[in-house]
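The block underneath contains the structure these notes are about, expressed in structure tokens.
The values are calculated or read from the model by the stated rules, or taken from the named source; none is laboratory data. Since the model is a prediction, treat every value here as computed from it, not as a measurement. A quick note on method: Cβ atoms are made from the backbone with ideal geometry, for glycine too, and the neighbour counts reach across all protein chains shown.
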Amino acid sequence: MMGWTFDYLIVGAGFSGLTLAERLTTQRGATCLLVDRRRHIGGNAHDRYDDHGVLIHPYGPHYFRTNSPRIREYLSQFTEWHPVGYRILAWTDGSYWPFPINLNTFEQLIGRPSTPAEMAAALDAWREPVANPSNSEAVIVSQVGRRLYEKFFEGYTLKQWRRHPRDLDASVCGRIPVRTNRDDRYLAEEFQALPAAGYTRMFERMLAACGDCAKLLLNTDYREVLPHVSFRRMIYSGPVDEYFDYAEGRLPYRSLRFEAESFAPEALVSREPVAGKKGFWQPAVQVNFPNDHEFTRIVELKHATGQLCENTTIVREYPEDFGPGREAYYPIPAPDSAAIYARYKARAEAEPRTSFVGRLATYRYYNMDQVVGMALAEFERLAAAPGWQPGQGL
Ligand code: FAD
Ligand code: UDP
């Protein structure tokens, strides 16, 4: 590896790194070295077939959605789509509930048929008006009132973040829509689909598009290669505080433990009345547990992928504190972490030869499409910079 020269050293082969590698190589003829410390590409959006032949998302459910035609068109070069209206349930007080809160949830609550107008009037009566909800408790209580907040949000949020909703930005619980109609889809975006052959296949195609201009090193921390390569610029998609050796203190993150369990068809027979569908363990792709158990949710991805297989696999998700040996899955959107991040942001902006892109490098609770949008914008910024020719190296 001694003496390699690249235009770009790209740290992280997730959505951010792969989007930039693909753009820089195919549109600018640049050379890139992509380095990831994991043993696979795709970052947290990686998917794979488990030992039972079931396609799973090992790092938690990744439901692709976007309102941006540009981002959808960009990714459509590398994948066909399998449309999915992700529908999930919450389990509390001994029953399944349609979630997010919609007219069906309201009818179950009052025990009889209702109308959007009646539901809107009830929410009006229950909500506690807050002019500008500035935290996650206020954003929910101001929409649906305290009873529904306590039923669906308070316990889940405490479990997931080990923080009170009051101590989290409004954007956290504000991600979840509230509807007075019967639209029971979990997400609000216009386009909701999964890559038809999976995320990993899509990432493989992005990498293949780079041809000989990109080289990939897996299972390698970029710091191991730094002494051996020269490059013009680094694109960094790892945790921003780690890049700066924690010079401004540690940013808080939330981690998770995923526990998978698989079932052969005979084990599912007794569950069929619950699932309502043959070959499934639970009645929906995701069941949230706001008030029961130590895990927050159980995901049975087969509902969403539409995979035709007899076995099924469920994954239970246990929130964990971040620490040595654990992945930093979530930045924590809250005023105290924003204050620390502001200091890292100033350092990142002053870094002359590194672009910080993605969820951890910019410490933002971003979805996949937003990360792709950020990477495309960074490509445009780099491509517009004057005075550099592809292949020029350092
Ligand atoms: P990552 O995917 O984190 O990739 C960064 C890569 O950098 C990693 O592979 C890491 O190994 C590598 N790296 C870091 N440091 C180093 C180093 N020092 N040396 C070498 N490599 C390094 N988004 C959605 O749109 N819909 C969803 O339903 C959804 N669900 C999610 C569920 C969970 C549990 C989580 C954690 C995230 C979810 N997301 C979802 C968000 C989505 O995962 C991210 O938006 C997206 O994957 C971020 O891409 P990225 O490239 O910025 O980062
Ligand atoms: N949330 C909740 N109850 C739920 C689902 C979500 O209180 O049943 C809150 C919780 O704080 C969670 C946030 O809303 O972290 C965002 O939920 P989402 O499902 O979008 O989280 P992600 O898939 O990113 O983990």
Fill in the blank from the handout: ALA30 passes all but one of the listed conditions (1) in contact with a Pro (Cβ under 8 Å, 6 or more places away or on another chain); (2) without any contact (Cβ under 8 Å) to a residue 60 or more places away in the chain; the exception is number (2)
Exercise for the section: Answer yes if at least one residue in the stretch 4-18 is at pLDDT below 95 and surrounded by fewer than 17 Cβ atoms within 10 Å (Cβ to Cβ), and no otherwise. Expected result: yes
Problem - Odd one out for ARG201, checked against (1) in a helix (DSSP H, G or I); (2) in contact (Cβ under 8 Å) with a residue 60 or more places away in the chain; (3) farther than 19 Å from GLY306 by Cα - result: (3)
Practice task
For residues that are of a type outside the set (A, V, I, L, M, F, W, C), under 16 Å from the mean Cα position of the chain (by Cα) and assigned to a helix (DSSP H, G or I), scanning just the stretch 146-195, find the one that is surrounded by the most Cβ atoms within 10 Å (Cβ to Cβ).
Solution key: GLN160
Exercise for the section: Could you check, for the stretch 180-187, whether at least one of its residues is modelled with pLDDT of 95 or more, of a type in the set (Phe, Trp, Tyr) and more than 28 Å from LEU109 (Cα to Cα)? Expected result: no
Fill in the blank from the handout: Of the residues in the stretch 293-309, those that are in contact with a Leu (Cβ under 9 Å, 6 or more places away or on another chain) and in a loop (DSSP other than H, G, I, E, B) come to THR296, LEU301, GLY306, GLN307, CYS309
Exercise for the section: Out of ALA208, ALA131, ALA193, report the one residue that is modelled with pLDDT under 95, aliphatic (A, V, I, L, M) and more than 16 Å from ligand 2 (Cβ to nearest atom). Expected result: ALA131
Exercise for the section: Scan (1) outside any loop (DSSP other than H, G, I, E, B); (2) more than 12 Å from ligand 1 (Cβ to nearest atom) for the single condition ALA21 breaks and write down its number. Expected result: (2)
Completion exercise
Within the stretch 290-310, residues touching a residue at least 24 places away in the same chain (Cβ under 8 Å), surrounded by fewer than 19 Cβ atoms within 10 Å (Cβ to Cβ) and farther than 15 Å from TYR156 by Cβ come out as GLY306, GLN307, CYS309, GLU310
Practice task
Mind telling me which of the residues GLN108, GLN160 ends up being of a type in the set (S, T, N, Q) and under 24 Å from GLU320 (Cβ atoms)?
Solution key: GLN160
Completion exercise
Picking from PHE280, PHE258, PHE244, the residue that is buried (at least 18 other Cβ atoms within 10 Å of the Cβ) and either small (Gly, Ala, Ser) or touching a residue at least 12 places away in the same chain (Cβ under 8 Å) (or both) would be PHE280
Exercise for the section: Scan ALA348, ALA361, ALA383 and give me the residue that is surrounded by 14 or more Cβ atoms within 10 Å (Cβ to Cβ), among the small types (Gly, Ala, Ser), in contact (Cβ under 8 Å) with a residue 60 or more places away in the chain and part of a helix (DSSP H, G or I). Expected result: ALA348
Practice task
Filter the stretch 169-199 for residues that are of a type in the set (A, V, I, L, M) and within 16 Å of ligand 1 (Cβ to nearest atom) and give the result.
Solution key: VAL172, ILE176, LEU187, ALA188, ALA193, LEU194
Fill in the blank from the handout: Heads up, the helices (runs of 4 or more DSSP H) in the stretch 31-128 (entirely inside) with at least 1 residues that are of a type outside the set (Val, Ile, Thr), more than 15 Å from ligand 1 (Cβ to nearest atom) and crowded, with 21+ Cβ neighbours inside 10 Å are 103-110, 116-126
Practice task
Could you tell me whether any residue of the stretch 261-269 is farther than 18 Å from ARG347 by Cβ, among the charged types (D, E, K, R), at pLDDT 95 or above and in a loop (DSSP other than H, G, I, E, B)?
Solution key: no
